[in-house]
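> Here it is, the structure, as structure tokens.
The values are calculated or read from the model by the stated rules, or taken from the named source; none is laboratory data. For clarity, every value in this text was computed on a predicted model and none was experimentally measured. When we count neighbours, we look across all protein chains shown, and the Cβ atoms used for this are built from the backbone with ideal geometry, even at glycine. The accessibility values were calculated without ligands, DNA or RNA, using every heavy atom of the protein model including side chains. Shrake-Rupley method; radii C 1.70, N 1.55, O 1.52, S 1.80 Å.
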Amino acid sequence: MEKLVPTFEVGCSGAPDEEPSEWYPATVPGAVQLDYARAKGLPPHWEGENFREYGWMESHHWHYRATFDGKGVASGESVSFVSLGIDYRCLVFLNGRELASHEGMFGTIRVDLTSHVLPDALNEIRIVCLPIPRKQDAPEGRAEAADSVKPPMSYGWDWHPRLVPIGIWDETWVERARPDEIVGIEVHPVLSRDLKTGTIALAARFAGGIVPETVAAHSVEVRDPEGVTVYSANTRKSSGKVTVTDPMLWWPIGEGPQHLYTVVVTTETGTSFEHRVGFRSVRLRMNDGAWEEPSGFPKTRSTPPIMLEINGRPIFAKGTNWVPPEIFYGTITPDRYARMIDLAVEANFNILRIWGGGIINKKAFHTACDERGIMVWQEFPLACVEHSDDEGYLAVLESEAIAIVKRLRSHPSLVLWCGGNELFNVWSGMTDQHHALRLLNSITYEHDRMTPFLPTSPVYGMGHGHYVFYDKTTDEEVFAVMQRSSNTAYTEFGMPAASPMQVLGGFLSEAGLADPMPGGVWESHHAYRAWGGGGDDTWLCESLIHSYFGSEQSTDRLVFYSQLLQAVGYQAIYEEARRQWPACSMALNWCFNEPWPTAANNSLVAWPDVIKPAFWFVRAACRPVALSAAIRRFSYAEGELLEFDLWLLNGSDQELEPMEVVVTVNAASALPGLPSDRDANDSLASIFCEPAADSDREMIR
């Protein structure tokens with residue numbers, strides 16, 4: 001097999017059969033908006049309000065073109081165009097002839113070019129990306145995505161501008177091979193319920209997408225985590241199974257090692273395909289006490305299970321909600337994924353919820369989670385709207401969902417499938433009877449039966465929210481709200497804060513940085529009027545900061561105090577959720593990261609990868625063993641009684657030795673000395689945390 005990666009150029013037009021007037025160099029993977037911006041010298045989309053200059057591009061037709069030499073194409077050889085992702089609807093042409101149309105951005109596109117290749121000439125491959133889909137008569141915003149399997153976030157959210165990517169966003173090539181030659185393999189590992197036998201199902205993919213009657217010879221080798229070959233055979237079969245007895249198991253981080261087996265298939269021409277797989281069992285079990293409620297008649301169902309059990313062991317899931325780290329997700333590299341997932345490990349997290357308004361991540365993301373022991377809760381791209389029961393939409397959803405499941409099911413880090421985000425709420429209007437959710441349940445059952453499925457998050461018993469430090473409707477701070485709560489899982493909760501000053505300075509002018517206010521850049525980057533549930537000043541929450549610390553605040557101090565409230569609030573939620581174990585089994589904040597520089601947001605890591613001070617407070621709250629004070633509220637006046645319960649949280653698998661705990665309360669001042677310069681926000685972690693002897697940042701109480 002030979003892979004040719006073409007050099008593309010791109011141009012736009014008003015119709016698929018209209019020739020572009022100009023062509024520009026294209027970066028693949030990428031997005032047409034970025035190619036056009038580079039060619040025309042447009043300012044970066046993330047600075048100021050420049051993103052508005054990119055908006056018109058979503059309504060045009062974008063043509064990619066490239067050539068490859070047909071010389072040397074052997075008689076009987078198969079030639080195919082292959083792409084792992086084109087966003088979102090496209091037509092495929094060869095030498096001016098339309099050969100295929102496709103809708104969907106997550107399924108592999110494979111088009112047989114063989115009978116149309118000119119053997120002794122240059123051949124032009126052309127991909128025409130059509131304008132973005134919009135649900136007819138839908139208001140502008142996320143509802144436009146209700147009839148497409150495209151990330152709703154791109155149509156605008158409280159942390160994402162309306163900026164909808166188009167183009168080739170994943171690996172793409174032209175492939176030459178013999179019809180009987182393997183061009184790829186699918187692997188599906190399954191662990192028996194008694195944890196004693198691992199089975200790896202193998203299926204070969206062939207040029208042209210057709211299984212030949214006679215399969216070329218190839219070898220199959222399986223090596224254990226220590227590099228020892230546990231299976232080796234030569235075969236001409238197109239599929240088969242390999243059995244591993246007493247396999248070494250894959251565990252989430254903090255629970256055991258991440259054992260990975262290597263599967264290598266090598267063709268007789270010397271082409272090799274390698275996959276790393278792991279064996280683990282996963283199920284959702286009833287949380288403690290769930291069967292006892294409701295206690296009397298008339299009865300309804302008990303609260304559904306949400307406690308993760310890995311390899312027979314119940315796990316408290318400490319983690320976060322992941323969103324794409326870039327608006328234009330074609331630009332996300334393996335190194336970027338690795339950096340972000342390393343930060344999740346640093347935060348003492350063991351799970352990432354891949355939120356349903358975003359994308360299905362590239363292979364490098366899942367590989368990094370496998371290697372680092374981060375569990376993945378994977379949602380399909382449905383979120384916060386009523387997704388259609390239209391037959392056309394369901395057909396695309398079915399094709400995309402099957403491709404997604406087959407692509408991800410080999411990864412041991414994948415522990416949960418979910419239909420999407422907040423579908424059983426009034427703003428979405430869906431129920432478990434909607435055909436889209438019944439379809440997704442059936443697909444995951446057929447193709448990955450041993451991995452659990454939830455129709456949406458939250459389901460009954462689980463909690464989303466709140467997203468504020470102080471709830472005006474109940475006159476309560478987050479401490480009181482959490483201590484009276486009793487959910488099986490807290491799978492979304494937020495605590496907003498301004499981005500660090502160096503991030504703000506990257507997209508705000510000098511004058512704008514000094515004067516936060518509604519309208520303009522501060523608002524378009526989500527500091528004001530971003531979310532109706534918190535008032536006009538979300539996510540900056542300026543009025544709340546003034547109520548605690550006074551109204552005369554420089555930008556430096558406004559940022560500092562907002563980050564203080566975020567840090568203390570997030571710490572309180574994570575620790576309270578852990579105190580409620582085992583009735584509660586999950587704590588996942590909204591959100592971990594962001595796809596562009598926000599002025600204020602609930603994220604722990606500002607774009608592109610700048611840590612907020614709350615990150616260190618959350619890290620301390622999620623340590624395997626942590627001392628936790630359940631305080632009643634944030635501020636106290638002179639003469640008031642300070643009361644709290646003291647807890648020792650042990651999330652390790654070790655019984656702790658007896659110890660003496662000394663608690664010191666410093667009531668001398670409300671805050672330590674506060675710097676007055678623009679580094680005030682960056683000093684928060686050093687004021688409230690200090691490096692320990694082992695370089696770990698531990699809380700000082």
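> May I ask you to verify whether residue 545 is closer than 21 Å to residue 481 by Cβ, without any contact (Cβ under 8 Å) to a residue 40 or more places away in the chain, touching a Phe, Trp or Tyr at 6+ places or on another chain (Cβ under 8 Å) and in a helix (DSSP H, G or I)?
Yes; evaluated as a whole, the condition is true for this residue.
> Can I ask one more? Here are some residues: 332, 351. Which one is closer than 22 Å to residue 420 by Cβ and surrounded by fewer than 24 Cβ atoms within 10 Å (Cβ to Cβ)? Give the steps one after another, and end with the answer.
Details: 351 fails: surrounded by fewer than 24 Cβ atoms within 10 Å (Cβ to Cβ).
It is 332.
> Here is a further query. Which members of region 249-277 meet the condition of being open to solvent by less than 60 Å² (accessible area, probe 1.4 Å), more than 28 Å from residue 372 (Cα to Cα) and assigned to a loop (DSSP other than H, G, I, E, B)?
Across region 249-277, the qualifying residues are 270, 271.
> Still on this structure, I have one more. In region 387-397, is there at least one residue being in a loop (DSSP other than H, G, I, E, B), farther than 25 Å from residue 319 by Cβ, touching a helix residue (DSSP H, G or I) at 6+ places or on another chain (Cβ under 6 Å) and in contact (Cβ under 8 Å) with a residue 60 or more places away in the chain?
Residues of region 387-397 in a loop (DSSP other than H, G, I, E, B): 387-390.
So of that shortlist, the ones also farther than 25 Å from residue 319 by Cβ come out as 387-390.
Imposing the further condition that a residue be touching a helix residue (DSSP H, G or I) at 6+ places or on another chain (Cβ under 6 Å) reduces the set to 387, 389.
Still in the running and in contact (Cβ under 8 Å) with a residue 60 or more places away in the chain: 387.
For region 387-397, residues in a loop (DSSP other than H, G, I, E, B), farther than 25 Å from residue 319 by Cβ, touching a helix residue (DSSP H, G or I) at 6+ places or on another chain (Cβ under 6 Å) and in contact (Cβ under 8 Å) with a residue 60 or more places away in the chain: present.
> Could you check region 451-484 and list, in sequence order, the residues that are within 15 Å of residue 580 (Cβ to Cβ), in contact (Cβ under 8 Å) with a residue 24 or more places away in the chain and not in a strand (DSSP E or B)?
The answer is 461, 478, 479, 480, 482, 483.
> Right, another one. Any residue that is of a type outside the set (A, V, I, L, M) and under 28 Å from the mean Cα position of the chain (by Cα) - is there at least one of those in region 226-249?
Checked against the condition, which is being of a type outside the set (A, V, I, L, M) and under 28 Å from the mean Cα position of the chain (by Cα), region 226-249 yields no hits at all.
> What single numbered condition from (1) in contact with a His (Cβ under 9 Å, 6 or more places away or on another chain); (2) under 26 Å from residue 487 (Cα atoms); (3) surrounded by 24 or more Cβ atoms within 10 Å (Cβ to Cβ); (4) not basic (Lys, Arg) fails to hold for residue 595?
(2)
> Scan 224, 246 and give me the residue that is open to solvent by 30 Å² or more (accessible area, probe 1.4 Å) and touching a residue at least 12 places away in the same chain (Cβ under 8 Å).
246
> I would also like to ask the following. When residue 536 is evaluated against the numbered criteria (1) assigned to a helix (DSSP H, G or I); (2) open to solvent by 40 Å² or more (accessible area, probe 1.4 Å), which criterion, by number, is the only one it fails?
The failed condition is (1).
> Mind checking whether some residue in region 81-97 is part of a strand (DSSP E or B), open to solvent by 10 Å² or more (accessible area, probe 1.4 Å) and either in contact with a helix residue (DSSP H, G or I) (Cβ under 8 Å, 6 or more places away or on another chain) or modelled with pLDDT under 95 (or both)?
So far as region 81-97 goes, yes, one or more of its residues are part of a strand (DSSP E or B), open to solvent by 10 Å² or more (accessible area, probe 1.4 Å) and either in contact with a helix residue (DSSP H, G or I) (Cβ under 8 Å, 6 or more places away or on another chain) or modelled with pLDDT under 95 (or both).
> Would you confirm whether or not region 359-375 contains a residue that is part of a strand (DSSP E or B) and either at pLDDT below 95 or buried (at least 24 other Cβ atoms within 10 Å of the Cβ) (or both)? If you could, list the steps in order and put the result at the bottom.
The first filter runs over region 359-375 and keeps only residues part of a strand (DSSP E or B), leaving 375.
Next cut, either at pLDDT below 95 or buried (at least 24 other Cβ atoms within 10 Å of the Cβ) (or both) only: 375.
Yes, there is a match, as at least one residue in region 359-375 is part of a strand (DSSP E or B) and either at pLDDT below 95 or buried (at least 24 other Cβ atoms within 10 Å of the Cβ) (or both).
> Kindly indicate whether any position in region 49-61 is of a type outside the set (Val, Ile, Thr), assigned to a loop (DSSP other than H, G, I, E, B), touching a Gly at 6+ places or on another chain (Cβ under 6 Å) and surrounded by 14 or more Cβ atoms within 10 Å (Cβ to Cβ).
no
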